[in-house]
1. Of the residues Pro81, Pro19, which single one is of a type outside the set (Ser, Thr, Tyr) and free of Cβ contacts under 8 Å to residues at least 12 places away in the same chain?
2. Testing Lys99 on (1) within 30 Å of Glu125 (Cβ to Cβ); (2) modelled with pLDDT under 90, one condition comes back false. Which one is that?
3. Please go through region 57-100 and give me each residue that is assigned to a loop (DSSP other than H, G, I, E, B) and crowded, with 16+ Cβ neighbours inside 10 Å, ordered by number.
4. Of the residues Glu47, Glu30, only one is modelled with pLDDT under 90 and acidic (Asp, Glu); which?
5. Of the residues Arg51, Arg33, which single one is among the basic types (Lys, Arg), closer than 30 Å to Val78 by Cα, part of a helix (DSSP H, G or I) and without any contact (Cβ under 8 Å) to a residue 40 or more places away in the chain?
6. Which members of region 23-39 meet the condition of being more than 10 Å from the chain's Cα centre (by Cα) and of a type in the set (Val, Ile, Thr)?
7. If I ask for residues that are surrounded by fewer than 17 Cβ atoms within 10 Å (Cβ to Cβ), among the basic types (Lys, Arg) and in contact with a strand residue (DSSP E or B) (Cβ under 7 Å, 6 or more places away or on another chain), which ones from region 17-56 would you list?
8. Any idea which of Phe14, Phe26 is in contact (Cβ under 8 Å) with a residue 12 or more places away in the chain and either assigned to a helix (DSSP H, G or I) or farther than 30 Å from Arg123 by Cα (or both)?
Amino acid sequence: MNIDKQHGTAMVEFAILLPLLLLLVFGMTEFGRMLYTKSTLTHAAREGVRRAVVTPAAYANASTSEVVKRISPSATVVMTPNQPSANSTVKVSVTTRFKLFVVPNLMPVLNKYTTLHGEATMRYER
């Protein structure tokens, strides 16, 4: 083979593969961010429900929201039931909107929000 005919092929191949490589690397980063956020929401729900089951029923909902907002300020908190009674089950659901950060700049089709959800359930102790 004549080397003169192959001059610049490596640069062309790199230019073709670079967008795919960047999409793969940043996609893994975004997936890691999403998994971390999901884990944080589950942790916030667990902490919130733990606070709810050891707090007097009249203050359980406000106390739960306070704990969850400290962990995840943008989250929406739903506690059921609002005022737990003896031996009832308390469930705390925490949701938030998650937006991809880097990948939509590479692929505008992926410029969407998704809702992430975390929940925990415990029995009321008081």
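1. On the way: Pro19 fails: free of Cβ contacts under 8 Å to residues at least 12 places away in the same chain.
The conditions single out Pro81.
2. Evaluating Lys99 over (1) within 30 Å of Glu125 (Cβ to Cβ); (2) modelled with pLDDT under 90 leaves (1) as the failure.
3. Of all residues in region 57-100, those assigned to a loop (DSSP other than H, G, I, E, B) come to 72-75, 81-88, 100.
Correct list: Ser72, Ala75, Pro84, Leu100.
4. Answer to the check: Glu30.
5. Values: Arg33 fails: without any contact (Cβ under 8 Å) to a residue 40 or more places away in the chain.
Matching residue, one of Arg51, Arg33: Arg51.
6. Of the residues in region 23-39, the ones more than 10 Å from the chain's Cα centre (by Cα) are 23-30.
Within region 23-39, Val25, Thr29 qualify.
7. Within region 17-56, just Lys38 meets the criteria.
8. Values: Phe14 fails: in contact (Cβ under 8 Å) with a residue 12 or more places away in the chain.
Of the residues listed, the single one that is in contact (Cβ under 8 Å) with a residue 12 or more places away in the chain and either assigned to a helix (DSSP H, G or I) or farther than 30 Å from Arg123 by Cα (or both) is Phe26.
The values are calculated or read from the model by the stated rules, or taken from the named source; none is laboratory data. Keep in mind it's a predicted model, so treat the numbers as computed, not measured. A quick note on method: Cβ atoms are made from the backbone with ideal geometry, for glycine too, and the neighbour counts reach across all protein chains shown.
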